[in-house]
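To start, the structure under review is shown below, and the notes come after it.
The values are calculated or read from the model by the stated rules, or taken from the named source; none is laboratory data. Since this is a predicted model, take the numbers as computed values, not measurements. The accessibility values were calculated without ligands, DNA or RNA, using every heavy atom of the protein model including side chains. Shrake-Rupley method; radii C 1.70, N 1.55, O 1.52, S 1.80 Å.
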Amino acid sequence: MANVLTRFADIMSANINSVLSKAEAKNADKLLEKYIADARRDLEQLKSETAAVIAEEMAQGRKLADCEANISKYTQYAEAAVRAGNDDDARKFLTYKQQESAKLADLQASYAAAKENSEKMRLMSKKLTEEIDAAGSKMAELKAKMSMAQSQEKMQQLNQRIGGSGSSLNNMDGLFDAVQKRIDKIDAQAQLNQDLDPEAERRELERKYAAGGGATGGNSVDDELAKLKAMMNQ
């Protein structure tokens, strides 16, 4: 118990916020874990010793109460003996009273010390419980922030990968455009060569008539019109 009581000032001045203010982002979680572990160890020690301290306070309180009761009792007995005219008996009761009174100061001091220790143990238990709860809340908050930071980092990495893929797609689009331009250039060159080829017209006519075309083929619209008029009796 003495070791715990010597730490009373340190325990009562402990504050999780002041502890965390000295921490760095990279070790805040480790510092919190150590703080909580130390506080829980102290709290368990307090719990195992507080009962004994309270029992001692109760015992000292009973001794003090008995002494005070005896002083009051022997005073009453001495007064009764005087009224009865028995001075010898009165002297005996007053002697008993003096013996009890001689113990009173020590008993009062012992009870006061026991009561003070008991109050300190109760205060420390309450303080440590509050600090453990506060540290637990800070730990949950820290883990949530760390989880959010990790999610943001993953999202950023994903965006970077997607951005890189997008750049690749843009490059592919540029490549397709370049290929299409080459194709268009080839087609244009072929058309130009055909336009400049003196035999092109002849070959075109041969293809036209070889396919069953001819001069009548050019009047197919007129033929269709004539058929339409005949059907309409025009």
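On a 19 Å Cα-Cα criterion, which of the cross-link pairs 34/154; 47/120; 73/103 come out too long? Over 19 Å Cα-Cα: 34/154.
Which of the three applies to segment 46-129, rounded, prolate or oblate, going by the alpha-carbon gyration tensor with a ≥ b ≥ c and a/c under 1.5 meaning rounded? Here segment 46-129 falls in the prolate category. Note down the Stokes-Einstein diffusion coefficient of segment 103-151 in µm²/s, whole number, using a Kirkwood radius over alpha carbon pairs, 25 °C, and 0.890 mPa s. This corresponds to a translational diffusion coefficient of 177 µm²/s.
Per-residue surface analysis assigns residue 151 an accessible area of about 70 Å², computed on protein heavy atoms at 1.4 Å probe radius. When a/c reaches 1.5 or more, the comparison of a/b and b/c decides; with that in mind, is segment 75-166 rounded, prolate or oblate per its Cα gyration tensor? Prolate.
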